Amino acid sequence: MNYNDTPEEAAFRSEVRAFIETEAPKNMARGEGFGGAGEGWKAWVKKLADRHWVAPAWPKEYGGAGLSVMEQFIYNWEMAEARVPRPGGIATGFAGPTLIVHGTEEQKSKYLPEILDGETVWCQGYSEPGAGSDLASLQTRAIRDGDDYVVNGQKIWTSGGHIAKWMILLARTDPDAPKHRGITYFIVDMKSPGLTVRPLINMAGTHEFNEVFFEDVRVPKQNIIGEENRGWYLAQTTLSFERSNIGGAVGARQGVEDLVQFAKTAGVSTLRHNPAVRYELVDRMVEAGLATQMSLKIISIQAKEGVAPGHEASVAKLYGTELNQRIARTALKVLGLYGQLDSKTEGVDASKFGRYKYSYLRSIANTIEGGTSEIQRNIIATRGLGLPRA
Ligand SMILES: Cc1cc2nc3c(=O)[nH]c(=O)nc-3n(C[C@H](O)[C@H](O)[C@H](O)COP(=O)(O)OP(=O)(O)OC[C@H]3O[C@@H](n4cnc5c(N)ncnc54)[C@H](O)[C@@H]3O)c2cc1C
């Protein structure tokens, strides 16, 4: 199998590299938790926006760059290699694409431009205390009242809810219909009266997600995307068909490389000679290479066969997130007492030490967010191995 770039792909890769080299501010670091990308972030986002690279997968007519699947892959790869953060998330990945495909012209012209500025945060109101893996059992109710819907209920684990301007909300509009068919997709103004956001601090000590409570929140009927009771099907829409997770694979390899560098240069020479440490670093490096191979396999399915990956994307998600946890555990062993340092402690070089304690704690959530490891295994068992449903 030939994974080399074609001349066109190589040219695009050089273009992305050159752009990063000349335009990405050198003092910009990815922050812990949500947002917080440090100095230079605003200027960087503006440069991406000017180039239509805030939502590069969107069609050109909607302000994207209309990149092909392969170009998206290269773009994501190079951004990850350069360790530069990007805007995006729910706004470019879910809300925008759903509007492009299912929204009215009025909705598109109201919401899309501010997403493309890269400044407006959207959040996703899907999960509830009683509905996560089995999302279709959600209970938040929206009842029609004149020109509005009145929403009551609760969402949980709402990432970025505290800084979001808009929420994409799934709420039940027909309690008598089969559970997938009574759900509607709404846009909700996070400043609406009756809507309360309560912070949830994760075990890594950062404020990323929230609880969101709805008490008689009025949502105008023109804020429905698509048709009433068809929300479940809309919730699957994305325009970025690039699902290889190359960014995750590159990040894993860089994490191991940094640890190898630490072992080589640390004052404690026993570290680099210790067989247990050496073997563990080798294992992680082999695994990071395997994660890259998985990404390449997925992208070749997408680019060459023109189909979205099925269970292969679950394989990469499962493997990549569990690998993150293994790398974090290896890091704490390699770093020894340094591993306990916190990036917020004065005098600690956060880029060197504090981030490992953080990633050890934060990576626990990797195997829950975006579908748990058990759910990925169920998908692989049925769609990949052809086993019957449990
Ligand atoms: C960091 C983070 C950010 C998140 N951000 C958002 C967000 O922005 N918006 C949003 O709506 N949600 C968000 N979520 C919620 C996330 O989607 C859910 O946590 C996830 O889908 C799991 O649902 P649950 O927590 O209700 O667990 P449950 O579904 O109750 O699962 C509990 C346990 O049972 C297992 N389990 C459940 N069903 C099965 C099954 N059929 N077979 C085998 N095992 C099963 C699970 O794997 C898990 O171990 C976020 C979660 C995290 C951790």
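Laboratory data are not the source of any read-out in this text; all were calculated from the coordinates shown. All values derive from a computational prediction rather than experimental measurement. For neighbour counting, all protein chains shown are included, and Cβ atoms are generated from backbone atoms with ideal geometry for every residue, glycine included.
GNM remark for the chain: springs join alpha carbons under 10 Å apart, and the peak mean-square fluctuation among 66, 370, 93 falls on 370. A straight chain from residue 144 to residue 274 at 0.36 nm per residue would run longer than the Cα-Cα distance by 40.1 nm. Rounded to whole numbers, the Karplus 3J(HN,Hα) couplings from phi for the stretch 295-308 are 4, 5, 5, 4, 5, 6, 4, 5, 6, 8, 8, x, 10, 6 Hz, using 6.51 cos²θ - 1.76 cosθ + 1.60 with θ = phi - 60°, and x at Gly and Pro.
Where does the chain land on Rg(C-alpha)/(2.2 N^0.38 Å)? Before the final figure, lay out each step's value.
Details: Rg = 22.0 Å, N = 390, 2.2 N^0.38 = 21.2 Å.
For the chain, the normalised Cα radius of gyration is 1.04.
Backbone phi angles across the stretch 155-160, fed through the Karplus curve with coefficients 6.51, -1.76 and 1.60 (θ = phi - 60°), yield HN-Hα couplings of 10, 9, 6, 7, 5, x Hz in residue order; Gly and Pro are listed as x. Computed from backbone phi with θ = phi - 60° and the Karplus coefficients 6.51, -1.76 and 1.60, the 3J(HN,Hα) list for the stretch 339-345 is x, 7, 5, 9, 4, 7, 6 Hz; x is used for glycine and proline.
Taking other C-beta atoms within 10 Å as the exposure proxy, 60, 108 rank 60, 108 from fewest upward.
May I ask for the net charge around residue 64, where only other residues with Cβ less than 12 Å from the Cβ of residue 64 are counted and Lys, Arg are +1 while Asp, Glu are -1? Don't jump to the answer; show the numbers that get you there.
Values: positive: 51, 60; negative: 61, 71.
Value of the local net charge: 0.
So what is the 222 nm mean residue ellipticity for the chain from helices alone, if each DSSP H run of at least 4 adds -39500 (n - 2.57) and you divide by all residues, rounding to the nearest 500 deg cm²/dmol? Show your work: numbers first, answer last.
Working: 12 runs with 160 residues, N = 390.
After summing the helix terms and dividing by residue count, I get -13000 deg cm²/dmol.
Annotation: lysines with alpha-carbon distance below 18 angstrom to residue 42 (same-chain offsets under eight excluded): 26, 165. Against the main long axis of the alpha-carbon atoms of the chain, helix 105-116 sits at an angle near 20°. Taking the Cα centre of the chain as reference, the dipole from Cβ charges on Lys and Arg (+1) and Asp and Glu (-1) amounts to some 960 debye. Scanning residues 5 or more positions from residue 208 or on other chains, those with amide H under 5 Å from its amide H are 202, with H placed 1.01 Å from N in the peptide plane.
Would you mind classifying the stretch 18-177 by shape? Square roots of the alpha carbon gyration tensor eigenvalues, ordered a ≥ b ≥ c; an a/c under 1.5 is rounded, otherwise it is prolate if a/b is larger than b/c and oblate if not. Each step should come with its number before you reach the end.
On the way: a/c = 2.30, a/b = 1.79, b/c = 1.29.
Prolate, because a/c is 1.5 or more and a/b exceeds b/c.
Amide H to amide H distances under 5 Å link residue 140 with 154, 172, where only residues 5 or more positions off or on other chains count and H is placed in the peptide plane. Put in order of Cβ neighbour count within 10 Å, fewest first, the listed residues 203, 70 become 203, 70.
Longer than 18 Å from Cα to Cα, which of 155/221; 317/357; 108/221; 47/110 are they? Say none if no pair is. Walk me through the numbers on the way to the answer.
Values: 155/221 20 Å; 317/357 22 Å; 108/221 16 Å; 47/110 22 Å.
Over 18 Å apart, Cα to Cα: 155/221; 317/357; 47/110.
Restrict the search to the stretch 289-390; then list the GluC sites (Glu not before Pro) that DSSP places in a loop and that have at most 16 other Cβ atoms within 10 Å of their Cβ. Intermediate results must be reported in sequence, preceding the final value.
Details: sites: 305, 312, 322, 346, 369, 374; in loops: 346, 369.
Within the stretch 289-390, the qualifying GluC sites (Glu not before Pro) (loop, at most 16 other Cβ atoms within 10 Å) are 346, 369.
Relative to the longest principal axis of the Cα atoms of the chain, helix 41-50 runs at roughly 70 degrees.
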